[in-house]
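The values are calculated or read from the model by the stated rules, or taken from the named source; none is laboratory data. Source: prediction; values computed, not measured. Don't worry about glycine lacking a Cβ; one is built from the backbone with ideal geometry, like all the others, and counts go over all protein chains shown.
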Amino acid sequence: MAGAEWESLEQCLEKHIPPAELREVKRILYGKETRKLDLPSRAFEAASREEFELQGYAFEAAEEQLRPPRIVRVGLVQNRTPLPTDAPVAEQVTALHKCIEAIVEVAAVCGVNIICFQEAWTMPFAFCTREKLPWTEFAESAEDGPTTRFCQKLAKKHDMVVVSPILERDGEHGDILWNTAVVISNSGAVLGKTRKNHIPRVGDFNESTYYMEGNLGHPVFQTPFGRIAVNICYGRHHPLNWLMYSINGAEIIFNPSATIGALSESLWPIEARNAAIANHCFTCAINRVGVEHFPNEFTSGDRKKAHRDFGYFYGSSYVAAPDGSRTPGLSRSRNGLLVAELNLNLCRQMNDIWNFKMTGRYEMYAQELAEAVKPNYSPTILKE
């Protein structure tokens, strides 16, 4: 069932597994149980009016003698595009701004400190089409474009850090395009930006037609609520990409994405969760929902018939912790806001238990990788 008719794995489990066994099933699938947050009733009422799902969970950490708990609430937003893809560009952007503003209002009621939207949230995910117009018209300046100004107002109004992934128009470098996430401080100032490091060349995902691999490395942003990084979409398939954000000090790594069921749904619950474990940090996996139909047919180069849509974006956004636990996912079919309360002390606690940073042989890897990228490299293979 790749489409919207199947709501979520969680609902399926709850429907078919007896309660006495369900807890053990969830323990094995999700690790240590996360506590449900007691979110305000008016938040659920507003979510119902705006027709999006609201869930909230908390991750616990052991009490320490010298450090108080470092509590932060993050919000993950998944949504479908509200207008058809052939609607005027300005109308599509305005409709998405309106949709997100309503969700952010609820996030504020829920005490969210840092909120992150899905990849390229201000537009359809048109990078399958290989067409330039009208899709490149969605591109904006990361520093002072209309979406950044919109997010600055939200950040300042709600005392909330906003992570806004957009299609960036780089006016300082020949008007070229990047897949970029703008990080806006809770003061309303633009804290900085990061760019998608890995560009897919898989099936319909023809994104190299629009932008190149990012050139900003692995920046980490210090906020009043913790150190955050943004690993955009396809970067989640690359373990070293997660690692470098962690090496630079990230405590929370957001993964805003746009991915479809037929391609990646079996990988989705694993990759961000594994990255949280391996890097002693929290990871936040975000995916859009719905099907986006485009005016013109396109092909994938994989012998499939020409078609007008990617397939089904399956949502299922979740948060994973460094101890291997994770929240249930949001719906596969509905707009949603997932609120997660994190105790960042858990990062160091898991580091002290597992010692991955201490036992990692980074100097050996660095030397061997430096050799492996040379044109005349010869792999170390021993033969009889």
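Please verify whether the stretch 125-148 includes one or more residues that are without any contact (Cβ under 8 Å) to a residue 24 or more places away in the chain, out of contact with any Asp or Glu (no Cβ under 9 Å at 6 or more places or on another chain) and assigned to a helix (DSSP H, G or I).
For the stretch 125-148, residues without any contact (Cβ under 8 Å) to a residue 24 or more places away in the chain, out of contact with any Asp or Glu (no Cβ under 9 Å at 6 or more places or on another chain) and assigned to a helix (DSSP H, G or I): absent.
Whether any residue in the stretch 249-266 is more than 18 Å from V289 (Cβ to Cβ), of a type in the set (V, I, T), surrounded by 15 or more Cβ atoms within 10 Å (Cβ to Cβ) and touching a strand residue (DSSP E or B) at 6+ places or on another chain (Cβ under 9 Å) is what I want to check.
yes
From the list Q55, Q92, which one is among the polar types (S, T, N, Q), buried (at least 20 other Cβ atoms within 10 Å of the Cβ) and part of a helix (DSSP H, G or I)?
So the residue among Q55, Q92 that is among the polar types (S, T, N, Q), buried (at least 20 other Cβ atoms within 10 Å of the Cβ) and part of a helix (DSSP H, G or I) is Q92.
Which residue, of A229, A258, A275, is under 14 Å from the mean Cα position of the chain (by Cα), more than 23 Å from G192 (Cα to Cα) and in contact (Cβ under 8 Å) with a residue 24 or more places away in the chain?
Every option except A275 fails the conditions.
Please go through the stretch 247-270 and give me each residue that is aliphatic (A, V, I, L, M) and outside any helix (DSSP H, G or I), ordered by number. Even if it seems obvious, please write down each step before you answer.
Residues of the stretch 247-270 aliphatic (A, V, I, L, M): 247, 250, 252-253, 258, 260, 262-263, 267, 270.
Result: A250, I252, I253, A258, I260, L267.
Between A90, A108, A139, A58, which is at pLDDT 95 or above, in contact with a His (Cβ under 6 Å, 6 or more places away or on another chain) and either of a type in the set (D, E) or farther than 24 Å from Y312 by Cβ (or both)?
Step by step, each of A90, A108, A139, A58 is checked, and only A108 is at pLDDT 95 or above, in contact with a His (Cβ under 6 Å, 6 or more places away or on another chain) and either of a type in the set (D, E) or farther than 24 Å from Y312 by Cβ (or both).
Would you mind stating whether S333 is over 29 Å from E50 (Cβ atoms) and in contact (Cβ under 8 Å) with a residue 12 or more places away in the chain? Walk me through it before giving the result.
Values: over 29 Å from E50 (Cβ atoms): no; in contact (Cβ under 8 Å) with a residue 12 or more places away in the chain: yes.
Against the criterion (over 29 Å from E50 (Cβ atoms) and in contact (Cβ under 8 Å) with a residue 12 or more places away in the chain), S333 does not qualify.
May I ask you to list the residues in the stretch 353-381 that are surrounded by 10 or more Cβ atoms within 10 Å (Cβ to Cβ) and not in a helix (DSSP H, G or I)?
Hits for the stretch 353-381 are N355, G360, Y377.
Hey, does the stretch 10-17 have a residue that's exposed (fewer than 13 other Cβ atoms within 10 Å of the Cβ) and modelled with pLDDT of 95 or more?
Scanning the stretch 10-17, I find no residue that is exposed (fewer than 13 other Cβ atoms within 10 Å of the Cβ) and modelled with pLDDT of 95 or more, so the answer is no.
Which one of the conditions (1) hydroxyl-bearing (S, T, Y); (2) in contact with a Leu (Cβ under 8 Å, 6 or more places away or on another chain); (3) without any contact (Cβ under 8 Å) to a residue 60 or more places away in the chain does T223 fail to meet, given that it meets all the rest?
With respect to (1) hydroxyl-bearing (S, T, Y); (2) in contact with a Leu (Cβ under 8 Å, 6 or more places away or on another chain); (3) without any contact (Cβ under 8 Å) to a residue 60 or more places away in the chain, T223 is out only on (3).
Of a type in the set (K, R), surrounded by fewer than 22 Cβ atoms within 10 Å (Cβ to Cβ) and at negative phi: does that describe R236? Outline the logic, then answer.
Working: of a type in the set (K, R): yes; surrounded by fewer than 22 Cβ atoms within 10 Å (Cβ to Cβ): no; at negative phi: yes.
When the stated conditions are applied, R236 does not pass them.
Scan the stretch 170-177 and tell me whether some residue there is at negative phi and crowded, with 22+ Cβ neighbours inside 10 Å. Don't jump to the end; show me each part of the working.
So in the stretch 170-177, the residues at negative phi come out as 170-173, 176-177.
Now restrict to residues that are crowded, with 22+ Cβ neighbours inside 10 Å: none.
No: zero hits.
Read through the list (1) under 23 Å from I252 (Cβ atoms); (2) not in a helix (DSSP H, G or I); (3) not polar (S, T, N, Q), then give the number of the only condition that L154 fails.
Among (1) under 23 Å from I252 (Cβ atoms); (2) not in a helix (DSSP H, G or I); (3) not polar (S, T, N, Q), the lone unmet condition for L154 is (2).
For the stretch 27-51, which residues satisfy the criterion of being surrounded by 11 or more Cβ atoms within 10 Å (Cβ to Cβ), of a type in the set (D, E, K, R) and free of Cβ contacts under 8 Å to residues at least 40 places away in the same chain?
Answer for the stretch 27-51, where residues must be surrounded by 11 or more Cβ atoms within 10 Å (Cβ to Cβ), of a type in the set (D, E, K, R) and free of Cβ contacts under 8 Å to residues at least 40 places away in the same chain: R27, R35, K36, E45.
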